[in-house]
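Everything below concerns the one structure shown next.
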Amino acid sequence: MSEMKQIKNLKQFSTSKERFQGGHRLCPGCSHSIIVREFVNATDDELCVSTATGCLEVCSTIYPYTSWDVSWIHIGFENAAAAISGVEAMHKSLKNNKKSFSDKPMKFIAFAGDGGTYDIGFQSLSGAAERGHDFIYVCLDNEGYMNTGGQRSSSTPIGGATTTSPAGKVSYGEKKLKKDMMQIMAAHGCEYVAQSAPSNWKDMVKKAQKSFAASGPVYINAVSPCPTEWKFDPSMSMEISKVMVESRVVPLYEIENGSKVTVNYKPKNHVPVEEYLGMQGRFKHLFKPSNKHVIEEWQKNVDAKWEYLLRREEAGI
Amino acid sequence: MTEEHLLKGWEEFEPGATLFSFEGKPDQEVHHENNSVQHSVADWRVDKPVHNKEFCIDCQFCWVYCPDTSIIPDVDDKGKGIFGHIDYKHCKGCGICVDVCPTNPKSLLMFADHLPVEEALRQWPEKEEKK
Amino acid sequence: MEQNRIVWDGNMAASQAMRQAKIDVVAAYPITPSTPIVQNYSQFVADGDVDGEFVMVESEHSAMSACVGAASAGGRVATATSSQGYALMIEVLYQASGMRLPIVLNAVNRALAAPLNIHGDHSDMYLGRDAGWINMVANNPQEVYDLNLCAFKIAEDYSVRLPVAVNQDGFLVSHTTEALNYLPDDEAYKFIGDYKPHNPMLDPEKPVTYGAQTEGEWHYEHKMRHEHAMYNSFGVIEKVLAEYKELSGREYKFVETYQVDDAEEIIICMGSVAGTTQLAVDKLRAEGKKVGLVSVRLWRPFPKEELAKYLGKTKTITVLDRSAPLGSTGALYNEVAAVMVDNGYNAVLLNYVYGLGGRDMTIDHLTEIFNSAKECSDAGKRVKPLIQTINLRGKELSFY
């Protein structure tokens, strides 16, 4: 077991060795790289990273450049979990047979967008989680296929206008509720499942460190505000992330060993969902009088989910 | 834009199109020519952030929330991270550092990319009254 | 070399060779008819006969993905599949070869649906034709065993560093038990040698990026480097097969020939049908007919030069394709036709699409094919349709 890196505050954290370099081609203000940095810089252990096809993959390893100061692999869109499970299996095999390249502690992370997680990579993730590999799966959840021009995924929330669920004369955009990956991964019996937002670096780092300390599969749902497709100013990414947390749209919570729910942060002031929706172009059409019911439904869903989590936490199950 | 020296012939590339992060061992911290840290994205920028150390409290929010690893910290005598400098080769000018800066007036502000830093510092605003 | 004699089917031959290779990671998913390989290997794990990791994944796509991850990580990797599983893997087969990872795949060939069929034909092997893997064809369990050992050595040679598929016919080879010779464990392993890692992800002293995106200025160069490695592999394959002959006494060539020197009608084929064709040749030779057989062992890279050596004098060449080309001549036919044109050879060419979904191809059928070819030889031109079928019910069906 490796020693947990001490990160009490940013003055300490910022002395970390940087493991994800600039010069990548992510959009200005993209939250993906913020999440990646919070995560990979939170440990001094050696890392092997796999990444699903998507914004992060395509922008961090455009030949002839790599932004990764750790070993990294990308195979396809749907197999980030299978890929890292192979790397982890090889690590285990070499270790068991005393053929390891190094005695240094090694951790395994898969990064994928919500398309590569909720949709096309779902089977691969489910398989790898069920097999119990020692890996951490981080979903960079920007609620759509942003790398290809903002199509809907099963993470796109109701009312969201995407290029394949556009708002129109007779449509308010996406009709389905966002898939609940947290519960699905908890049901796999993952050792640790957590949701975080990049604007709360402390929460993210804490969850990253809990992930590194775990020995079984870990699933992290990291919400990743996307200036390009959510349609807001790039400087506002962390503001949006903050409002997502404060409005309880994205509760910061964790589920340990498949059942124990802890809500890590309880906003004191009630921020209505309307405020969050109003900050983004993708929900602009919801403010037409005829779509008012969608905002009401949004609020109802957020409240119900929040209530559910609190009751689970209280019940200890 | 691709640097000319990297445009090698087919026989010169590493098999499998692999890329390396470092020249030599990682702890020597010499990045490989194929590390994106060698690549400038400065031309993406319209506005640039300028840092004013007069107001900075070294909170390091700008460091943690920079998506382009462009706030390069220093370490003080006590081994603590403090603001170092802005890496203008990799900053895309998104403005998050300015947004998350908690001081009043802010210690980071956006200015037109062509404006000299000294001129930007001269234009720095006064402390804002709380609304 | 003292060898052991045993009765194995093709699947067991593959499994035992995998055991002897001391593979670091096997990631696999069962599918008929390669399932017994996965089962056998599971038993090896259960009995402590192998030391590596065995990852029982949830699909063939993940099987090959985990293999690619494991091979990039830095160790010996193998798997097995068939048919629909092969088709599900196909995306990742391209990734494995493009990343230059020496993975060994036992491809137990089976028809592709629809309609669904679990029996042997070459549809899956043909599907993977352009995936950048070295493809060898084993015609019986002995060959499956031998070529598996060679496959690891070829794949892992630094000047090759390409994945290798060892193909065998579903059921006809995979489930047919035959007596064969195998090497003692230590000799087999010594032949393959220890795995020599190249740019392993698991080496923290040299972080490496696998699977970058190469756009316009780069993609062509990388693909041609891959192409170059493929052609480089001829020499390495030849060397490894020669070393194996030295060790085992069993000789393998890029193309195997039988009675071709003075043959006027030659059948060119791949897979287990070669054995049956050999019997047909014997029968017809006994009747005084000058017939011969060429069995292609190395499907990719395709041994054009080697093949050309045997085709210059014959009058008629009949190429057997065990896959429906669905709109053209068969893939093996096309290779042969290209060799003929490249060398200015003038024999009459015929193409049979046969044996789909495991349909029998007997000595009688092959006799019929030889006799039909003879008519062309006698006429000095093609007097039969270009693409013909054999042992197909219904009205005679042929094309061109």
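Along the positive direction of the dipole of region C:260-395 (beta-carbon charges: Lys, Arg +1; Asp, Glu -1; about the Cα centre), which of C:Thr318, C:Val281, C:Val294 reaches farthest? The Cα lying farthest towards the positive end belongs to C:Thr318. By DSSP, the beta bridges lying fully in the protein assembly as shown are antiparallel in about 35 percent of cases. Calculated [222 nm] ellipticity per residue, helices only, for chain B: -2000 deg cm²/dmol; basis is -39500 (n - 2.57) per DSSP H run with n ≥ 4, divided by all residues, nearest 500. Compared with the dominant Cα axis of chain A, that is its longest principal axis, helix A:80-96 is turned about 20°.
Evaluate the charge dipole of region C:318-400 about its Cα centre and quote only its size in Debye, nearest 20, assuming +1 on the Cβ of each Lys and Arg and -1 on the Cβ of each Asp and Glu.
Details: 8 positive and 9 negative charges, 43 e Å.
The calculation lands at about 200 debye.
Please average, across the residues of B:24-35, the number of beta carbons from any other chain that are within 10 Å of each residue's own beta carbon, and give a whole number. Kindly include the intermediate steps, with their values, before the conclusion.
Numbers: counts 2, 3, 9, 3, 0, 3, 0, 4, 7, 2, 7, 10.
What the average comes to for B:24-35 is 4.
Between C:Asp360 and A:Glu275, the C-beta separation translates, for a Förster distance of 60 Å, into a calculated FRET efficiency of about 0.25.
With each label modelled as a point 7 angstrom along the Cα→C-beta vector, the C:Glu251-C:Asp130 pair spans 3.7 nm. With R₀ fixed at 35 Å, the C-beta to C-beta distance from B:Asp43 to A:Lys284 puts the FRET efficiency at about 0.65. Projecting the Cα atoms of C:Pro115, C:Thr329, C:Asn135 onto the charge dipole of the protein assembly as shown (Cβ charges, centred on the Cα centre) puts C:Pro115 farthest toward the positive pole.
Hey, what number do you get for chain A at 222 nm if only DSSP H runs of n ≥ 4 count, each worth -39500 (n - 2.57), divided across all residues, to the nearest 500?
Dividing the helical sum by the residues of chain A leaves -10000 deg cm²/dmol.
Starting from the Cα of C:Lys395, step 7 Å toward the Cβ, then list every residue of region C:344-370 with an amide N under 14 Å from that point. It comes to no residues whatsoever. Adding -39500 (n - 2.57) for every DSSP H run of four residues or longer, then dividing by how many residues chain C holds, sets the calculated 222 nm ellipticity at -13000 deg cm²/dmol.
Between the amide H of C:Val255 and those of C:Arg297, distances stay under 5 Å, these residues lying 5 or more places away or on another chain, with hydrogens modeled in the peptide plane.
Between C:Glu227 and A:Thr163, the modelled label-to-label distance comes to 3.2 nm, taking each label 7 Å out from Cα in the direction of the beta carbon.
Spatial offset of region C:14-34 relative to region A:230-272 amounts to 47 Å, using the alpha carbon center of each. For region A:24-67, applying the loop criterion from DSSP together with a ceiling of 10 other beta carbons within 10 Å to the GluC sites (Glu not before Pro) yields no site. Summing Lys and Arg as +1 and Asp and Glu as -1 over all other residues whose Cβ lies under 10 Å from the Cβ of A:Gly116 gives a net charge of -4. Using a/c under 1.5 as the rounded threshold, could you call region C:101-162 rounded, prolate or oblate? The axes a ≥ b ≥ c are square roots of the C-alpha gyration tensor eigenvalues, and prolate needs a/b larger than b/c, oblate otherwise. Oblate, because a/c is 1.5 or more while a/b does not exceed b/c.
Distance between the C-alpha centres of region A:55-87 and region C:56-94: 17 Å, rounded to the whole angstrom. Summarising the label geometry, the points placed 7 Å from Cα in the beta-carbon direction at A:Lys95 and C:Arg285 lie 5.9 nm from one another.
Among C:His198, A:His270, A:His32, rank each residue by its count of other Cβ atoms within 10 Å, from fewest to most, as a rough exposure measure.
Fewest to most other Cβ atoms nearby, the residues stand as A:His270, C:His198, A:His32.
Taking every DSSP bridge with both residues inside region A:176-317, close to 60 percent are antiparallel. Name the lysines eligible as straight-distance cross-link partners of C:Lys283: C-alpha to C-alpha under 17 Å, and not fewer than 8 places from it in the same chain. Result set, ordered by chain and number: C:Lys374. Taking 18 Å as the limit for the C-alpha separation, the pairs C:Lys153/C:Lys239; B:Lys8/B:Lys92; A:Lys169/A:Lys288; C:Lys313/C:Lys381; B:Lys8/C:Lys206; A:Lys179/A:Lys210 exceed it in the case of B:Lys8/B:Lys92; B:Lys8/C:Lys206; A:Lys179/A:Lys210. Using a Förster distance of 56 angstrom, determine the FRET efficiency expected from the C-beta separation of B:Lys89 and C:Lys313, and round it to 0.05. That pair, B:Lys89 with C:Lys313, gives E of 0.25.
Each of C:Ile192, A:Ile35, B:Ile71 was scored by other Cβ atoms within 10 Å of its Cβ. Listed from fewest to most, they are C:Ile192, B:Ile71, A:Ile35. Taking each of A:Lys98/C:Lys22; A:Lys104/A:Lys206; A:Lys206/B:Lys53 in turn, the alpha-carbon distance tops 18 angstrom for A:Lys104/A:Lys206; A:Lys206/B:Lys53. In plain terms, the chain from C:Glu187 to C:Gln43 could stretch by 49.6 nm, reckoned as 0.36 nm per residue minus the Cα-Cα distance.
Looking at region C:255-399, what % of its DSSP beta bridges pair antiparallel, to the nearest 5? Percentage antiparallel, nearest 5: 25. Largest GNM mean-square fluctuation among A:Val138, A:Val223, A:Val87, using chain A with Cα springs under 10 Å: A:Val87. Distance from the Cα centroid of region C:186-211 to that of region A:115-183 is 37 Å (rounded to whole angstrom).
Read-outs throughout are calculated quantities, based only on the coordinates presented, and are distinct from any laboratory measurement. Everything quoted here is computed from the prediction, not taken from an experiment. When we count neighbours, we look across all protein chains shown, and the Cβ atoms used for this are built from the backbone with ideal geometry, even at glycine.
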